[in-house]
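Below is one structure, written out as structure tokens; comments come after it.
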Amino acid sequence: MWLGPKRKRDLDLEIEQASRSQLFPLDSQAETSTTVSTVTRPAPTRQKNQSVIPRIRQVEEDPWLTYEPIVQLFGRPVFLARLRSSKAELLHIQKLERQSPSAQSLVDTMHQASHRSFPTLLEHYRHDGQDFLVWEAVELPAGQILGSRCSINEEALAAIVWPVGVLKGIKHLSRQGRVLATLSADTIFLTESGAVKVAGAEHSCQIDATEMDAATLKLMALADVVQNLMTRGSPGKRWSSEAQGLPDDLNRLPIDELMRVSVVPPVYHARLRLTSQSKFFEQLGSGGELN
């Protein structure tokens, strides 16, 4: 769900209009309530020792007492929502299939796989036989770039792929003997703060180290994403030879070699985060460049 600056400015108006037109009778679980939960969600604990991962908070309560839904994401059982006690904080609430036997397994997997490369799972609500997962909100799927008139430059492409991007998440999972079940431009998300998040870690699979290769690690899938993004290069600008060789590198080099600094071309050293990201979000509808 992309929320550019203009979208954010119009958000309160849209919420008011949605409430008047009863946007949420889609599901009784998503109806707003005048009863406010007595349980206040604490801010995520920042651990001094980053190796100590706090347990994901589990609550036996209707999540719609603590949160209010804003809109359901098209074609998905996911709501953009906000805390009733803090209107400015946006989150995603995923509604799992009723009586899903895998709910606890997904929560346990995300606890094990927790990493800054993946969206943070904040809470697990269970109410009346229904499970809900509360996630940090992610904004712009890389796939939306492909369907727009925007262009992307080499520094931005590198930031999506390299250590603060997708490769870091793939490497983190591989250390745990896990691999992503799927990877595409629609599962790679960019945020206005410059972060890159890969969705789907909760569905990652356990495999033997001997089975890990470019295909199972989804490096080949990442190469396809890179190749497609490169079609959105700025008109009149040529990609460097290093950038042109990136899809081939992803297909043939081991993950450990890809992660080494010596493998990263000098053109990629200047930026390790997407910068001026809000400018890109503003330009998305008018054909700007991702800087």
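For the residues V226, V179, the requirement of being under 19 Å from E154 (Cα atoms) and under 19 Å from the mean Cα position of the chain (by Cα) singles out V226. For the range 116-126, indicate whether the set of residues that are surrounded by fewer than 20 Cβ atoms within 10 Å (Cβ to Cβ) and either β-branched (V, I, T) or in contact with a Pro (Cβ under 8 Å, 6 or more places away or on another chain) (or both) is non-empty. Among the residues of the range 116-126, at least one is surrounded by fewer than 20 Cβ atoms within 10 Å (Cβ to Cβ) and either β-branched (V, I, T) or in contact with a Pro (Cβ under 8 Å, 6 or more places away or on another chain) (or both), which makes the answer yes.
Looking across the range 199-211, just one residue is surrounded by 18 or more Cβ atoms within 10 Å (Cβ to Cβ), out of contact with any Phe, Trp or Tyr (no Cβ under 6 Å at 6 or more places or on another chain) and hydrophobic (A, V, I, L, M, F, W, C), and that is A199. Within the range 127-140, does at least one residue satisfy the condition of being of a type in the set (F, W, Y) and farther than 30 Å from M212 by Cα? Yes; the residues of the range 127-140 include at least one that is of a type in the set (F, W, Y) and farther than 30 Å from M212 by Cα. Here the condition is being β-branched (V, I, T) and buried (at least 19 other Cβ atoms within 10 Å of the Cβ); of T231, T187, T216, it holds for T187 alone. Mind listing whichever residues of the range 201-239 are in a loop (DSSP other than H, G, I, E, B) and in contact (Cβ under 8 Å) with a residue 60 or more places away in the chain? Across the range 201-239, the qualifying residues are S204, T231, R232, G233, S234, P235, K237, W239. When the range 147-169 is filtered for residues that are part of a helix (DSSP H, G or I) and within 17 Å of the chain's Cα centre (by Cα), the ones remaining, listed by number, are A156, L157, A159, I160, V161, V166, L167, K168, G169. For the range 93-138, what are the residues that are among the aliphatic types (A, V, I, L, M) and either over 16 Å from H203 (Cα atoms) or touching a residue at least 40 places away in the same chain (Cβ under 8 Å) (or both)? Within the range 93-138, I93, L106, V107, M110, A113, L121, L122, L133, V134, A137, V138 qualify.
Quick note: the coordinates plus some simple rules give every number you see, no bench work behind them. Since this is a predicted model, take the numbers as computed values, not measurements. Glycine gets a Cβ as well: all are built from the backbone with ideal geometry, and neighbour counts include every protein chain shown.
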